[in-house]
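Worksheet for the structure shown next.
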Amino acid sequence: MEYNFRKIEKHWQEKWKAENAYTVSNHSEKPKCYVLDMFPYPSGAGLHVGHPLGYIASDIYARFKRLKGFNVLHPMGYDSFGLPAEQYALETGQHPATTTQNNITTFRSQLENIGFSFDWSREVRTSDPSYYRWTQWIFLQIFNSWYDHEKNKARPISELIEAFEKEGNGFLKDHVAGDIFSAEDWEIFDEKQQQDILMQYRLAYTAYGEVNWCAALGTVLANDEVINGVSERGGHPVEKKQMRQWYMRITAYAERLLQGLDTVSFSDAMKEMQKNWIGKSEGAEIVFPLSTRGEGLGVRVYTTRPDTIFGVDFMVLAPEHDLVSKITTAEQQHAINEYLQYVKSRSERERLAEVKQITGAFTGAHAINPFDGRLIPIWISEYVLAGYGTGAIMAVPCGDQRDFAFAKHFNIPITNIIGEHFNGEEANPTTEAYLSNSGFLDGMLMRDAISVATAKLEQEGLGKRKINYKMRDAGFSRQRYWGEPFPIIYKEGIPYPVDEKDLPVELPHVDSYSPGPEGQGPLANITEWVLIPGPSSLVERETNTMPGYAGSSWYFLRYMDPHNDQTFADKKATDYWNQVDVYVGGTEHAVGHLLYSRMWTKVLFDLGYISFDEPFKKLVNQGMIQGSSRFVYRLSMSKPFFDDYDFLRENGIQIFVSNNLKEKHSLAGFFETIRMNFPQLDYSFFDMEIVSQRFLKLYVNVNLVDGVELDINAFRKSKPEYSNAHFILEDGSVNSPLSTRGERQGARYICGVETEKMSKSKLNTINPDELVLKYGADTFRMYEMFLGPVEQSKPWDTKGIEGVHRFLRKLWRLYYDEVKGQVWNDYKPTNDELKILHRTIKKIEEDTEHFSYNTAVSAFMVCV
RNA sequence: ACCCGGGUGGUGGAACUGGUAGACACGCAGGACUUAAAAUCCUGUUUGCAGCAAUGCAAGUGUGGGUUCAACUCCCAUCCCGGGUACCA
């Protein structure tokens with residue numbers, strides 16, 4: 001009997017299914033263990049070999065824990081709302097619900113093929129109304145909450161309204177948003193004023209924010225859809241536009257998100273990424289009065305280095321700063337307008353990345369240094385962002401490199417406050433220098449001067465101590481179709497929550513996925529859905545939808561009680577399963593999903609719906625399995641280069657050149673081959689310099705490539721337009737469908753290679769199905785684990801799978817002989833044998849607890 | 001540009017706390033079995049030099065410096081690759 005993996009795996013998979021072997025109960029005497037994977041987005045490309053890496057690791061862990069006597073929750077589901085489905089719908093007209101369903105069917109069968117021990121009875125889909133009903137419900141809880149900084153928790157907005165009625169908003173002290181009002185004031189405010197004020201406290205709120213607006217497409221674009229400032233589709237210009245948006249007030253949780261990290265087991269790198277994202281800094285907010293225009297106005301800046309205040313030589317406002325229009329002098333108006341126009345076309349990334357290129361404009365206005373009365377010119381520049389701090393900085397060129405470069409570029413004189421620590425060549429951001437030219441701070445060590453300066457500022461009422469966070473509130477609306485509708489209706493322009501008993505607000509069916517007027521989402525086109533017949537006034541629905549991370553911010557709770565139609569999850573269930581014990585997923589979610597889901601958990605905890613405020617006790621980051629992309633190089637047929645050579649174009653002849661021949665130095669052979677194959681052409685037109693840049697790099701499906709060598713015939717068959725393509729091979733000979741002349745034995749077409757994310761568009765995905773079919777799920781699983789540490793990113797390579805498969809066959813033969821059948825016996829093992837066995841068991845157990853599966857597999861191989 | 005990872009034979013990787021670099025596997029080469037092939041088994045395999053050989057000598061963990069009796073491991077600098085950078089998921 002040989003190792004018939006197909007029969008074995010089929011047998012067991014059917015048995016598991018028939019017996020619901022992995023269905024888990026919420027009631028058990030055993031200790032619980034919750035092993036969770038980041039659920040996949042069901043993309044049209046299907047599952048690729050990168051997905052299962054984490055799933056296999058967690059599945060091994062889940063099985064291990066079951067064997068160790070735990071009641072293990074190990075579920076799977078789909079993050080099924082998202083942009084790609086909608087783009088696909090735009091291109092093909094197929095409804096996202098249909099394509100998503102198809103994709104899920106594919107994913108499910110692929111997952112089952114690999115033999116996971118998921119409890120499929122708990123499957124969730126974020127796009128299912130019975131699921132997003134509760135996403136909407138949780139959104140309403142967040143909308144109906146405010147953050148009490150005194151008690152340090154979220155509370156129902158009704159309690160805030162009561163407080164306003166009783167004593168106004170003065171009791172909020174440092175956290176007053178906007179103006180202070182009394183109970184009497186509150187009484188007098190009309191409905192709109194009251195709602196506007198409440199909006200400034202709600203944890204989910206509307207405000208104006210910037211979007212990528214593409215006028216030509218009439219739509220708002222995701223950052224991903226903008227390439228080098230133009231739209232990916234069509235290459236139209238993109239600019240920024242202010243639009244009303246929904247936000248999550250995640251900044252209210254900044255401190256708790258930071259402190260919560262101490263209570264969970266994430267890698268240090270992960271914690272550091274989250275810490276840096278939150279970006280806590282301690283410093284001071286200082287108001288610099290303006291010298292002339294705008295009495296009473298001042299420039300409020302945030303700085304972590306108030307000790308350097310005597311070194312301020314200029315100030316910089318973000319171009320979007322409110323003051324810019326108010327303080328700009330008539331002489332400077334033109335320059336400022338021009339600069340603002342330029343900034344409008346720049347993405348935030350570009351603004352921060354291209355620091356070598358210094359840009360800015362002078363407003364003509366000056367501020368006054370509150371300590372020495374010096375006049376300070378006020379500039380605007382794109383390196384200051386409106387969203388961070390106060391959107392304005394005090395520039396100290398001798399201590400900050402960007403300020404220094406700016407001063408040099410615009411010839412602004414530099415004041416030296418650190419003596420010999422400043423060499424005039426570059427800024428020195430030290431805190432260890434003694435201050436000079438610094439008034440009352442003279443002679444003080446900078447490190448000590450920070451608190452002295454802050455104290456003085458507070459004492460004189462010029463500023464105050466301030467903790468600042470770099471993190472911004474999270475944009476929560478998308479002008480798209482395929483997402484959760486907001487449970488929000490507008491009456492006279494004021495947003496109100498939909499009654500909970502009317503949930504879910506179902507996503508209506510549309511026939512067109514094109515954007516609505518003014519960049520609104522496609523839902524705006526469905527007037528009969530948007531307009532709700534009301535008693536008197538205009539009542540309409542919110543037409544934005546929620547972003548991709550809405551559904552994924554709480555799905556781990558739904559798995560605990562997936563069929564409950566009374567609540568998102570029964571408290572008994574969430575109490576029992578509690579925190580996720582091990583969460584497996586990639587680092588690409590480090591600052592998105594992992595922060596949002598932590599925030600939602602904290603809100604639900606504050607409101608008393610669950611009894612833990614960190615969702616994930618332990619996080620294991622599986623490395624990304626990258627695709628190894630292959631490229632072919634096609635001679636460009638575009639004008640003007642090939643203008644004279646209609647022959648090639650008319651005949652649809654494509655010429656591909658092997659990787660190492662695309663460089664200039666080897667083009668001589670290339671001309672020769674062109675001439676040989678197309679004697680009717682005059683080839684003297686070729687200009688070497690130009691030709692070298694005239695190869696288009698095209699993705700070729702990795703499955704048509706063996707290592708780096710292209711399977712030319714398979715490639716020709718893959719697309720009709722390639723059927724009569726010519727290939728200039730590595731040795732300069734030609735593989736041509738017209739003639740085989742010049743083709744030599746062993747000449748190959750070599751592809752270019754690059755490592756990048758696995759994706760459909762890059763044609764570098766490897767489908768696990770084929771590997772499972774050929775080698776079996778056990779080989780596939782074991783191989784993925786053997787590839788290297790789970791945490792490490794690595795390009796996929798199928799080469800080594802044979803070795804693992806051979807090992808499993810060898811293992812099988814220890815028990816079954818092809819001829820004799822069963823060959824095991826019950827001889828008593830020797831002490832030495834037992835020693836090896838137990839040593840191996842110990843090693844594998846320890847490695848399994850630590851997710852070091854690659855070394856566990858090695859140990860197993862050595863033992864056998 | 002910034003934040004977080006990573007770089008070790010022909011290849012994936014191992015080396016746990018600073019102590020024999022290259023476990024295990026792939027690939028490759030040679031051999032056994034076979035009419036043949038596949039499968040299987042055995043042997044060799046970091047590089048260079050010397051030797052019939054056992055073996056010996058030297059170099060070697062991206063690059064350049066440093067600390068140490070001892071460095072893949074610690075420190076400084078630098079290059080390259082991957083992930084993220086707030087509307088891809």
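Details
- For the stretch A:29-187, the solvent-accessible area works out to 38 Å² per residue, with a probe of 1.4 Å and every protein chain left in place.
- Cα centroid separation - the stretch A:489-562 against the stretch A:788-818, whole Å: 50 Å
- Rounded Å value of the spacing that divides the Cα centres of the stretch A:57-113 and the stretch A:282-358: 48 Å
- Remark: spin-label model distance A:Thr755-A:Lys491 equals 6.0 nm, labels positioned 7 Å along the Cα→Cβ axis.
- Neighbourhood net charge (14 Å Cβ-Cβ; Lys/Arg +1, Asp/Glu -1) for A:Gln94: -3
- In Å², nearest 10: area of A:Ser43 left accessible to a 1.4 Å probe: 30 Å²
- R0 of 60 Å, Cβ-Cβ distance A:Lys717-A:Glu460: FRET efficiency to nearest 0.05: 0.15
- Applying a DSSP loop filter and a limit of 14 other Cβ atoms within 10 Å to the GluC sites (Glu not before Pro) in the stretch A:132-189 leaves A:Glu150.
- Two-decimal Rg to Rh for chain A - Kirkwood Rh, Cα set: 1.01
- Working from label points 7 Å from Cα in the Cα-to-Cβ sense, the A:Asn20 to A:Leu375 distance is 8.3 nm.
- Each Lys and Arg adds +1 at its Cβ and each Asp and Glu adds -1 at its Cβ; summed about the Cα centre, chain A shows a dipole of about 2540 debye.
- Ligands, DNA and RNA aside, A:Phe116 has an accessible area near 20 Å² when probed at 1.4 Å.
- A:Glu165 versus A:His149: modelled label distance in nm, points set 7 Å from Cα along the beta carbon direction: 2.6 nm
- Cβ-Cβ distance of A:Arg813 and A:His236, R₀ of 56 Å, FRET efficiency by 1/(1 + (r/R0)^6): the value works out to about 0.30.
- R0 of 35 Å, Cβ-Cβ distance A:Val539-A:Ser514: FRET efficiency to nearest 0.05: 0.90
- Per residue, the convex hull spanned by the Cα atoms of the stretch A:330-369 amounts to 92 cubic angstrom.
- When you filter the trypsin sites (Lys or Arg not before Pro) in the stretch A:1-76 for DSSP loop state and at most 14 other Cβ atoms inside 10 Å of their Cβ, you are left with A:Lys68.
- Maximal additional length on extending the A:Asp196-A:Asp322 stretch stands at 43.3 nm, based on 0.36 nm per residue less the C-alpha distance.
- Accessible-area value, A:His563, 1.4 Å probe, nucleic acids and ligands omitted, Å²: 140 Å²
- Of all lysines in the structure, those lying under 30 Å Cα to Cα from A:Lys828, and not within fewer than 8 positions of it along the same chain, are A:Lys65, A:Lys68, A:Lys810, A:Lys820, A:Lys842, A:Lys843.
- Within the stretch A:216-239: backbone nitrogen closer than 20 Å to the A:Gln357 label point (7 Å, Cα to C-beta): A:223-232, A:235-239
- Pairs of alpha carbons in the stretch A:75-135 separated by more than 20 Å make up 33% of all such pairs.
- Local net charge near A:Phe5, Cβ-Cβ under 12 Å (Lys/Arg +1, Asp/Glu -1): +3
- A simple count of charges around A:Ala361, restricted to other residues whose Cβ falls under 11 Å of its Cβ and scoring Lys, Arg +1 and Asp, Glu -1, yields -2.
- Lys pairs under 27 Å by Cα in the stretch A:491-636, provided they are eight or more residues apart or on distinct chains: 12
The values are calculated or read from the model by the stated rules, or taken from the named source; none is laboratory data. Model, not experiment: these values are computed from the prediction. Positions of Cβ are backbone-derived with ideal geometry, glycine not excepted, and every protein chain shown enters the neighbour counts. Remember, those area values only see protein heavy atoms, side chains included, never the ligands or the DNA or RNA. Shrake-Rupley method; radii C 1.70, N 1.55, O 1.52, S 1.80 Å.
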